[in-house]
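*Asks:* Let me begin by handing over the structure; questions about it come next.
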Amino acid sequence: FLLIATFEAANSYKILVYNSKFGHSHSNYLGQIADILVEAGHNVTSLIPIMDSAVRDCTEKSHKIYVQPDPELKEFYDNVDSNQDVNFFEMNTANPI
């Protein structure tokens, strides 16, 4: 009975981690969470929409599903100077500049 109870208590879960490649701190944090959950015995899948291709996804152990960026977003990131920070919270989408 004790052996069966041990197997019953060792359930693993299927977990989806949404890890958008937006900022280094977000990707690093969520990637580490995904790896820790895999080490704990869970089946973890990371859904990774690519916003900025220069940002790493920071997970090595989870299953990865990449979502390619919208062509307009990809063009935007390709035209931004790498030394310039982009602040999406102050952007006005109605402003053509």
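*Asks:* Which residue out of Lys61, Lys14 is out of contact with any helix residue (DSSP H, G or I) (no Cβ under 7 Å at 6 or more places or on another chain), open to solvent by 40 Å² or more (accessible area, probe 1.4 Å) and modelled with pLDDT of 90 or more?
*Replies:* Lys14
*Asks:* Also, quick follow-up: Just checking, how many residues over segment 19-40 are under 24 Å from Lys74 (Cα atoms) and of a type in the set (A, V, I, L, M, F, W, C)?
*Replies:* The total comes to 2.
*Asks:* Next question. When both residues are 6+ apart or on different chains and their Cβ atoms are under 6 Å apart, which pairs have a first residue that lies in segment 17-34 and is touching a residue at least 12 places away in the same chain (Cβ under 8 Å), and a second that is of a type in the set (Val, Ile, Thr) and open to solvent by 80 Å² or more (accessible area, probe 1.4 Å)?
*Replies:* Once the first residue is touching a residue at least 12 places away in the same chain (Cβ under 8 Å) and sits in segment 17-34, no partner that is of a type in the set (Val, Ile, Thr) and open to solvent by 80 Å² or more (accessible area, probe 1.4 Å) comes close enough.
*Asks:* Working only within segment 24-55, note down all residues that are assigned to a loop (DSSP other than H, G, I, E, B) and exposed (fewer than 14 other Cβ atoms within 10 Å of the Cβ).
*Replies:* Ala40, Gly41, Ser53, Ala54
The values are calculated or read from the model by the stated rules, or taken from the named source; none is laboratory data. This is a predicted model, so every value here is computed, not measured. As a convention, Cβ positions derive from the backbone with ideal geometry for all residues, glycine included, and neighbour counts pool all protein chains shown. Only protein heavy atoms, including side chains, enter the accessible area calculation; ligands, DNA and RNA are left aside. Shrake-Rupley method; radii C 1.70, N 1.55, O 1.52, S 1.80 Å.
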